[in-house]
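Down below is the structure, laid out as structure tokens.
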Amino acid sequence: SRRRMLKDRFRSMLQKVIALTVFVGAIPFLFGVRVCANEISAAEGQEVVKKENKWLDDYHKPIGLTYNVQAVLQTAYVWRGMSVGAANIQASANVGYGGLYLDMWWNVGVEQWNFKTFQPEVDFSLGFARWGLNVYMLYIYNFNCGFFDFHNYPDKGNRLELNVKYTISSKLPLGILWATRVAASDGYLNTTGDMVRAWSSYAEIFYTQYLPYDLSLHGAVGFTPWKSCYTKYKGDFAVTNITICLRKDWSLSKHCGMMLKGQLTINPYLMATDKSSIEWHSFNPTNQSINVNVGLGVYLK
């Protein structure tokens, strides 16, 4: 009886994952391919970007409709120093006009390497990107409560963030990111038993070095300035993320490419507070403070 119950639950979860992949994944992907094909034929022989000559403002100015679609198969899901899951497929579709854009990102993967629990997630971003500045609202939907449920749960629920990101220029690709949760799940109980909103914030300084043969080396250091979800609502300031990523790109056509990346992430906060987390936890990756991730992806642009 118990075995049959577990089998039914697994079948139900598998059906949800399949539905998520088809309706949330395939439709935006096919739409992006359709837009890509139409845009290529319409823009043949026309200039679609305008180059700036200023050293600190050398980004291409988006003119008309912009788009990109990508899908990546990865061995781990690591986000801002936190190990969120094991093997996964992550994809995104982005459509923009004149700097204003809408982005849809989704993850279909397993929570642990025993492949017993699936962890679907869909993120929506609405923002504006220009002159190296990117300001956007990020809505994270984890399927563990209603889509429009914005209650301040301590350990579950949706999240809404305000993000500000700035990169100096393509000639000096040094940048900074600041993200603060402004609504939904981001609370903890204080000593009197009241729910307190943490306003969990994350800051990151990053740099990308472009190398010959379409190689790039990306480094980032991230921290949380006060008690937040990134330290499980314990402590104060903490460095939560030191990341090094080496990426190789191949151009398959003018608007299509493929990439292979290898990434090493260290969480100094977890390493200092829980020395056992340095060990490899194959069936509980969220306890790890050192993570290695390998990803293979394709993209349209």
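Length, then width, then depth: along the principal axes, the Cα atoms of the stretch 169-301 run 61, 34, 24 Å.
Sequence-ordered 3J(HN,Hα) estimates for the stretch 101-111 from the Karplus curve with 6.51, -1.76 and 1.60 and θ = phi - 60° stand at 9, 10, 10, 10, 10, 9, 10, 10, x, 9, 6 Hz, glycine and proline given as x. Ligands, DNA and RNA excluded, the heavy atoms of SER170 present near 60 Å² of accessible surface to a 1.4 Å solvent probe. Using the Cβ-Cβ distance between TYR210 and ARG130 with R0 set to 25 Å, the FRET efficiency works out to roughly 0.70. Legend: calculated FRET efficiency, VAL196 to SER253, from the Cβ-Cβ distance at R0 = 45 Å, rounded to 0.05, equals 0.30. Extension gain, LEU246 to LYS232, is 2.1 nm, computed as 0.36 nm per intervening residue step minus the present C-alpha separation.
Scalar couplings 3J(HN,Hα) for the stretch 243-255, obtained by applying the Karplus form with A = 6.51, B = -1.76, C = 1.60 to θ = phi - 60°, are 10, 10, 9, 10, 10, 10, 10, 10, 8, 8, 7, 5, 10 Hz; x denotes Gly and Pro.
The values are calculated or read from the model by the stated rules, or taken from the named source; none is laboratory data. Everything numeric here is computed off the predicted structure, so don't read it as measured data. Heads up, the Cβs are rebuilt from the backbone with ideal geometry, glycines too, and the neighbour counts pull from every protein chain shown. Accessible surface areas use protein heavy atoms only, side chains included; no ligands, DNA or RNA. Shrake-Rupley method; radii C 1.70, N 1.55, O 1.52, S 1.80 Å.
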